[in-house]
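Heads up: the structure comes next, in structure tokens.
We did not get these values from a lab; they are worked out from the coordinates using the rules stated. Worth saying up front: this structure is predicted, and the values here are computed from it rather than measured. Quick reminder, even Gly has a Cβ in these numbers, built from the backbone with ideal geometry, and neighbours come from all protein chains shown.
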Amino acid sequence: MQPLKFLALIGVLAILVGIGAAAFFFGGFFNVGADHPDPDIVNWALVHVRQASIARHATDRPPGSFDDPALVQAGASAYSRRGCVDCHGGPGVEPAKFSEGLNPPPNLKKVVNKLQPQELFWIIKNGIKMTGMPSFDAQDPPMPDQEIWTVVAFLKKLENVSDEDFKAWSTAPPG
């Protein structure tokens with residue numbers, strides 16, 4: 001086969017695949033229901049797009065060390081007050097029943113140590129499209145950056161927080 005004919009064949013096949021994909025997605029054949037699992041290729045693509053986007057946009061640096069117990073305690077309080085426990089649960093606290101219908105909220109103990117503090121900050125501040133994760137910067141009033149950093153401090157210490165400590169910290173009035 002001549003090189004030009006081969007390239008023309010590849011071009012025609014690419015156009016046909018593009019038309020087929022457009023018909024599949026825009027024709028309503030792709031099920032967007034949260035109760036219908038995505039195909040593995042869609043999950044793979046969504047995870048990689050999300051990871052690349054967060055890594056590119058998460059440029060804010062922590063204002064200091066997360067070793068201050070008062071900062072971690074303030075983060076636990078904010079985490080509870082802002083409703084994070086409703087979807088993600090917390091030490092000794094199960095997520096609310098409605099969160100079972102989300103696609104799904106991550107088990108934070110499994111993911112927080114895989115993320116850099118600036119990535120957690122960016123996710124909390126900006127949210128994640130097409131998930132239940134809201135932008136806390138878009139709330140009225142917006143969640144201040146300093147408060148977001150306290151939540152990040154809490155999340156980075158999450159695996160070491162006891163049920164009793166979380167209960168005490170999350171019910172204490174904000175200081």
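Some points to look at:
- Dividing the mean sequence gap of close Cα pairs (under 8 Å, 6+ apart) by how many residues the chain holds gives a relative contact order of 29 percent.
- Working ranking of peptides 13-20, 61-68 by packing, defined as the average number of other Cβ atoms within 10 Å per residue, highest first, is 61-68, 13-20.
- Charge dipole (the range 1-108, unit charges on Cβ, about Cα centre) - positive-most of ILE41, GLY11, GLY101: GLY11
- The range 43-91 shape via C-alpha gyration tensor axes, a/c threshold 1.5: oblate
- Partners for LYS125 among aspartates and glutamates (Cα-Cα distance below 18 Å; same-chain residues under 8 apart left out): ASP60, ASP86, ASP137, ASP140, ASP145, GLU147
- Selected from VAL111, CYS87, GLN139, residue furthest toward positive end of dipole (the range 55-175; charges at beta carbon): VAL111
- Maximal additional length on extending the ALA21-GLU100 stretch stands at 25.4 nm, based on 0.36 nm per residue less the C-alpha distance.
- With contributions of -39500 (n - 2.57) from each DSSP H run of at least four residues, the per-residue ellipticity at 222 nm computed over the chain stands at -17000 deg cm²/dmol.
- Alpha-carbon centroids, the range 67-90 and the range 8-37: separation in whole Å: 42
- This model, with +1 at the C-beta of Lys and Arg and -1 at the C-beta of Asp and Glu, gives the range 38-131 a dipole about its Cα centre of some 180 debye.
- Take the Cβ atoms of ASN107 and GLN139, set R0 to 30 Å, and the FRET efficiency comes out at 0.80.
- FRET efficiency for the ARG61 to MET130 pair, using the beta carbon distance and R₀ = 30 Å, is estimated at 0.60.
- Distance histogram in 5 Å bins (all Cα pairs of the chain, percent per bin): 1, 7, 13, 17, 16, 12, 9, 6, 5, 4, 4, 2, 2, 1, 0, 0
- Listed by chain and number, the aspartates and glutamates whose C-alpha is less than 16 Å from the C-alpha of LYS110, apart from same-chain residues fewer than 8 away, are GLU94, GLU119, GLU159.
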